[in-house]
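Contents: one structure, followed by commentary.
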Amino acid sequence: MIRFKSANPNRLLIRGIVSMIVGITVIVVPDFSLKMMMQFLGTLLLLDGVIAFLTDYFTPKEKKVYQIVPRGISNLIVGIILIVFPTLLLNVFVFVIGLLLFMAGASQLLNQFGTKGKLSFSWLMLLISLVSLIGGIVLLTRPFESAQAILILFGAVIFVYGTGELVWSFKIRKLQQQQVVDSPRVVDAEYEEVEELHT
């Protein structure tokens with residue numbers, strides 16, 4: 001049985017909201033420079049790393065998910081590099097975004113099929129996962145020549161990814177509540193030992 005007690009829906013919620021805000025900003029204001037977008041992405045990764053550490057710190061030891069710390073460290077390192085040295089990574093911008101979107105889409109797709117049977121199958125989540133996955137593949141194999149087109153596509157896919165994280169946070173929260181209700185209730189009862197008398 002898959003247990004989701006250690007999953008943090010609040011982290012998914014925050015990451016989803018931030019991703020949606022970044023996506024909308026890029027679509028509405030496409031004149032942002034690539035340098036600024038690298039810093040936006042760095043900020044997003046930095047926030048995710050900080051949230052990962054806070055989640056690990058406030059989670060009881062028996063419920064900790066130990067892979068969350070390495071992920072938080074990697075996000076912090078990459079986030080700081082993107083914020084401090086954005087120009088250094090402009091040449092690999094498309095590759096980085098494509099790889100991140102591919103991994104995000106694949107992760108959501110695995111989550112969707114991994115909970116099949118426990119949660120109702122969601123065509124919306126499947127569509128969102130496929131959009132992120134295909135968007136990543138396109139950026140990896142056929143990078144656009146226009147920087148503005150890259151930014152608009154980036155904003156659209158990031159918004160879709162954020163929507164997926166938002167939906168997933170509510171699904172995880174609902175499943176956690178169901179697990180609490182379904183857990184067997186243990187009632188403490190007092191008892192008294194009675195010695196058997198031999199006559």
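What follows draws every value from the coordinates through simple rules; no lab data is involved. As the structure is a computational prediction, the values presented were derived from the model and not from experiment. Glycine gets a Cβ as well: all are built from the backbone with ideal geometry, and neighbour counts include every protein chain shown.
Quote to one decimal, in nm, the extra length available between Ile137 and Trp123 on full extension: 0.36 nm per residue of separation minus the C-alpha distance between them.
3.0 nm
Can you pull the one-decimal nm distance between simple spin-label points at Val29 and Phe95, each 7 Å off the Cα toward Cβ?
Each label point lies 7 Å from its Cα, and together they span 3.0 nm.
In which sequence would Ile68, Ile152 go, from the one with the fewest C-beta neighbours within 10 Å to the one with the most?
Ordered from fewest to most neighbouring Cβ atoms within 10 Å, Ile68, Ile152 come out as Ile152, Ile68.
Could you work out how far apart the two model spin labels at Ala149 and Ala106 are, taking each label as a point 7 Å from the Cα in the direction of the beta carbon, and quote it in nm?
Between Ala149 and Ala106, the label points sit 2.6 nm apart.
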